[in-house]
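Novice: For reference, the structure I am asking about is given below.
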Amino acid sequence: MRFRRYLEIERGQKEIDITPLVDMVFQLLIFFMLTSSFVALPGIKINLPKAQTAAVLPENNIVITVGQDKSLFLNETRVTAAELRKQLAQRVAGKQDTPLLIKADTKADIGTVVEIWDICRASGISQINIATQQESPAQ
């Protein structure tokens, strides 16, 4: 029995056509680009200080955010100190034990945080918390 020494691909074609492979790769690339989400989450960017004794609070808090440039936000809305005083008085009127959370950037001025704390106390808020990131204990 005689075996052929060389294998012919096809008589008219001497090389493999990679066009379908390239088309498929482009289709996969487009598919993954369209299905992946590149949505940046809106919000105020701050770096919270770290603490080992951080605890989780319920989410029904009034949130005041203090940026590193002394900018103030009340529940994601930019306010001044005078506007903050008025809005806190309106929100707290008639409600007892309204919890408040202060999110201050690590580079925020401590004087600004104390001023916000005083405004909250003057408005009648007794439960004031400071937001921190939980730090893993040193081993």
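The values are calculated or read from the model by the stated rules, or taken from the named source; none is laboratory data. Because the structure is predicted, anything quoted here is derived from the model rather than measured. Here the Cβ positions follow ideal geometry from the backbone for every residue, glycine too, while neighbour counts run over all protein chains shown.
Novice: Please go through region 92-122 and give me each residue that is among the polar types (S, T, N, Q) and without any contact (Cβ under 8 Å) to a residue 24 or more places away in the chain, ordered by number. If you could, list the steps in order and put the result at the bottom.
Specialist: We begin by selecting, within region 92-122, every residue among the polar types (S, T, N, Q); these are 96, 98, 106, 112.
Gln96, the sole residue that qualifies.
Novice: Moving on. Output the residues belonging to region 66-119 that are of a type outside the set (Phe, Trp, Tyr), touching a strand residue (DSSP E or B) at 6+ places or on another chain (Cβ under 7 Å) and part of a helix (DSSP H, G or I).
Specialist: Across region 66-119, the qualifying residues are Ala81, Leu84, Gln87, Arg91, Thr112, Val113, Ile116.
Novice: Could you please let me know if Asp23 is exposed (fewer than 13 other Cβ atoms within 10 Å of the Cβ), part of a loop (DSSP other than H, G, I, E, B) and modelled with pLDDT of 80 or more?
Specialist: Details: exposed (fewer than 13 other Cβ atoms within 10 Å of the Cβ): yes; part of a loop (DSSP other than H, G, I, E, B): no; modelled with pLDDT of 80 or more: yes.
So Asp23 fails the test.
Novice: How many residues are of a type in the set (Asp, Glu) and more than 15 Å from Ile130 (Cα to Cα) when one looks only at region 66-110? Outline the logic, then answer.
Specialist: Here is the first cut: in region 66-110, the residues of a type in the set (Asp, Glu) are 69, 76, 83, 97, 105, 109.
This time we only want the ones that are more than 15 Å from Ile130 (Cα to Cα), so: 69, 76, 83, 97.
Counting residues in region 66-110 that are of a type in the set (Asp, Glu) and more than 15 Å from Ile130 (Cα to Cα) gives 4.
Novice: While we're looking at this one, here's another question. Please work out which residue is surrounded by the most Cβ atoms within 10 Å (Cβ to Cβ), limiting yourself to region 99-126 and to residues that are within 12 Å of Ile62 (Cα to Cα) and under 25 Å from the mean Cα position of the chain (by Cα).
Specialist: Step one: list which residues in region 99-126 are within 12 Å of Ile62 (Cα to Cα), which gives 99-103, 120, 125.
Filter again for under 25 Å from the mean Cα position of the chain (by Cα), leaving 99-103.
Working: Pro99: 16, Leu100: 22, Leu101: 17, Ile102: 19, Lys103: 18.
Looking at residues that are within 12 Å of Ile62 (Cα to Cα) and under 25 Å from the mean Cα position of the chain (by Cα), I get Leu100.
Novice: Taking the residues in region 127-139 that are assigned to a loop (DSSP other than H, G, I, E, B) and surrounded by fewer than 16 Cβ atoms within 10 Å (Cβ to Cβ) as candidates, determine which candidate is modelled with the highest pLDDT. Break it down stepwise before answering.
Specialist: As a first pass, look at region 127-139 and keep what is assigned to a loop (DSSP other than H, G, I, E, B): 127, 131-132, 135-139.
Next cut, surrounded by fewer than 16 Cβ atoms within 10 Å (Cβ to Cβ) only: 127, 135-139.
Values: Gln127: 81, Glu135: 70, Ser136: 66, Pro137: 60, Ala138: 56, Gln139: 48.
The residue in question is Gln127.
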